[in-house]
There are 2 protein chains.
Amino acid sequence: MDRNPDVDLKKLFAGERVSISRAITLVENEQEGSEQLLKEIFARTGRSYRIGITGPPGGGKSTIANRLARWYRQQGLTVGIIAVDPTSPFTGGALLGDRVRMTDVELDEGVFIRSMASRGSLGGLSKKSIEAADVLDAAGKDIVIMETVGVGQSELDIAGAADTTVVVLVPESGDSIQAMKAGLMEIADFFVLNKSDRAGADQALMSIKMILAFRKNDGWTPDVLKAIAIEGQGTEEIAAKITEHRKFLELGDGLKRKRRQRLEERVRELVADRLRVDFWANERLTMLSAKLDTVMKMKSTPYDIAQELINGFQKG
Amino acid sequence: MDRNPDVDLKKLFAGERVSISRAITLVENEQEGSEQLLKEIFARTGRSYRIGITGPPGGGKSTIANRLARWYRQQGLTVGIIAVDPTSPFTGGALLGDRVRMTDVELDEGVFIRSMASRGSLGGLSKKSIEAADVLDAAGKDIVIMETVGVGQSELDIAGAADTTVVVLVPESGDSIQAMKAGLMEIADFFVLNKSDRAGADQALMSIKMILAFRKNDGWTPDVLKAIAIEGQGTEEIAAKITEHRKFLELGDGLKRKRRQRLEERVRELVADRLRVDFWANERLTMLSAKLDTVMKMKSTPYDIAQELINGFQKG
C-alpha cells in the first residue's frame, strides 16, 4: 500500500506538471500505491469547480472544452481537462483524435490536459476519470473539465461527477442518437447547440426547448445556448451560464448535496471493489471451479453455489 | 423466498403462454419469489440454442429476428424472442416501437415475444434478459433470440449470453457509430449488412471485410452476409450461417466452454448482488451517513470509511 515514490506530493500540490502526470498515470493503471496516493491527497480536494461536457460523437465537445479553458485562463484561473474516450474495450485504441488539435491550449502552462482511453470496462474508466479529477483538484486547478462521449452509461457517470453538466448537441443530432438523447435530456444543466450556423439549427433548437418544457423544474431552468465553437462564438455565454448555475447551487445547498452524493457513491464503489477482491481470493476461486462442474452436470444451480460460497465469507 | 403461486411450473414446462408471461414478469420486476423460480427451473435449461442480435439503432434487427423466427417455425422449431430496449434509465419509456410490426409472428402460437425496457441500469436489464431467456429455455423453446441495440455495454452482455452473435449493420452505419463498431467487430460471429440495396453497400461490405482481416482467428472465420430483411432476402443464408457456427461450436468444446463461462458469470453476479444487499443492511447505512459527515468535514476519507465499514463485515 505504499505510495509510488515517483510522485512528489509537495510538487503535486504546487501544480507541477510532471507530478500531476505521474499521479494520473498511477491512478489510470491502478498501479500499486494509487489508492494510498488518493487517500493522501484527499484533504486537498473539493476546491475545484467541476464541469462535465457530454453529448453524441462529433458535436464539438473538445473544441468547446478548449475554448472554455482558454476563456478561464484569460480570467486568471487554472484549468485541468480530463477527456474520456469510451473506445472499444477490446482493441484498446483511441478512436477520438480530437485532442491533437488542442495544441495552443496545451502549450499553456496553466492548463493540464489528459486523455483517458478505455482498457477495461466503461465503468472502470469513469471511476478513474473521477480519480484523475481529484488529482487535478489537489494540484490546485480552479476548474476541472471532464469530457466524454455520451454512449450508454458514461454520460450518467460524468453527470454524477460534475457540478455543472453541459450537453452539446448539433443540428444533425437526429435519429441515430434518439436513444441517447432521452438520457441526455435529463442530465443537462443546460444545452449547447453547437455548429448552429448549419441547416436545421432553428428547428433543432425548437425541439430541444419543447422537450425541456416537459422537464421537472427544481428551481433551475435548463436553457439552450447557440454556439459555433470552432470560431469561438458562444464561449462567453457558455461560461456565463456555468457561473449562473454555480451561483444557483451555492445559494441553496445544491453543491453540498451533490458533493455528498459523490462521496457516498465513491464509498459504495470502494466497498464493492474490495468485497469483490476479498471474496475471490484463491481458495474461493478454486471452490468456484469445482462447484461449476456440478452445475454443468445439472446437479446444482448457480443460486445454490453462490449462497454456499457466501456462507463461508460473512460474519455472523 | 417462496415462489409466486401464479406460476404453474407444469404449465410453464409445457410452454403455456400465460405461465411464460407471468414467469418473465416475475423476473423482470424482481418480485418476491423470482429467484426461487429461477432455481426451480434451472434443471430444465441448457437445451435452447441462444442467438444474439445486436448493432446500431435503425439497422433492422427486429425485422431480422422476425424473419428468423418465421424461418425456424417453418422448420418445426419453437422460438422465443427477448427484445431489450436500452431506453433512458430516467424516463422509463420505450423508444423503440419496432415490436408492433411483428404481428404475424406474434399470432403464431409457437413464438413467444417479450420486450424488456430499462427501468434501472443497463446492467440490470442484461441480467434480467438472460433470466428471461432461461424461462423460455425451460419452457421448451428450441431457439431463443436475444435482441438489443449495441450501445455501450449492452452488446457485450448479449454476446456473453448468446451461443451465436449476429451483428447487423447498414450501409449508412458510418461516422456516428464508429465508437460502437469497434466493439461490435470483436463480438460478431458474423455480420449481416442489411438494407444492402442502398447506396454505399459495396463500400460498406469492403470496409467490414478489411477490418475483419485484422481479427484474430480461432478456427472460425467471421463472414459478412448481405440482406434486405424487410423483403425477406437473406433470411435463409443467415439461418444457414447460424447452423454452421453452431456445428463449429459443437465439434470442439466451444459450446460447453461458452456455457460454463456464462454460468461462472452468473455466479459472480449473484455473489456481488447478495454481498451488496447483505452489506448495506440498515445499521451499515446509518453508519455510512454518520461517517459521510466526517468526510464532508475533511476529517476522514472515503478510503478510510470504506475500510472501517468492511472490517465489521468479513469473517476472520
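The values are calculated or read from the model by the stated rules, or taken from the named source; none is laboratory data. This is a predicted model, so every value here is computed, not measured. As a convention, Cβ positions derive from the backbone with ideal geometry for all residues, glycine included, and neighbour counts pool all protein chains shown.
Go through region A:4-19 residue by residue and tally those that are among the aliphatic types (A, V, I, L, M), part of a helix (DSSP H, G or I) and crowded, with 18+ Cβ neighbours inside 10 Å. Qualifying residue count for the region: 1. Within region B:20-46, the residues that satisfy the criterion of being within 29 Å of B:Ile238 (Cα to Cα) and part of a helix (DSSP H, G or I) are B:Ile20, B:Ser21, B:Ile24, B:Arg44. Of everything in region A:160-180 that is surrounded by fewer than 24 Cβ atoms within 10 Å (Cβ to Cβ) and within 11 Å of chain B (Cβ to nearest Cβ), the residue that is modelled with the highest pLDDT is A:Val170. Answer with yes or no whether A:Met185 is surrounded by fewer than 18 Cβ atoms within 10 Å (Cβ to Cβ) and either in a helix (DSSP H, G or I) or modelled with pLDDT under 90 (or both). In short, no.
Pairs linking a residue in region A:47-68 that is assigned to a strand (DSSP E or B) to a residue that is among the basic types (Lys, Arg), with Cβ atoms under 6 Å and 6 or more positions apart or on different chains, are A:Ile53/A:Lys61; A:Gly55/A:Lys61.
Going by the conditions given, is A:Ile64 assigned by TED's automatic domain parsing to the domain that holds A:Met185 and at pLDDT 90 or above?
yes
Considering region B:20-66, and only residues there that are within 30 Å of B:Lys247 (Cβ to Cβ), surrounded by fewer than 24 Cβ atoms within 10 Å (Cβ to Cβ) and among the charged types (D, E, K, R), the residue that is farthest from the chain's Cα centre (by Cα) turns out to be B:Arg44.
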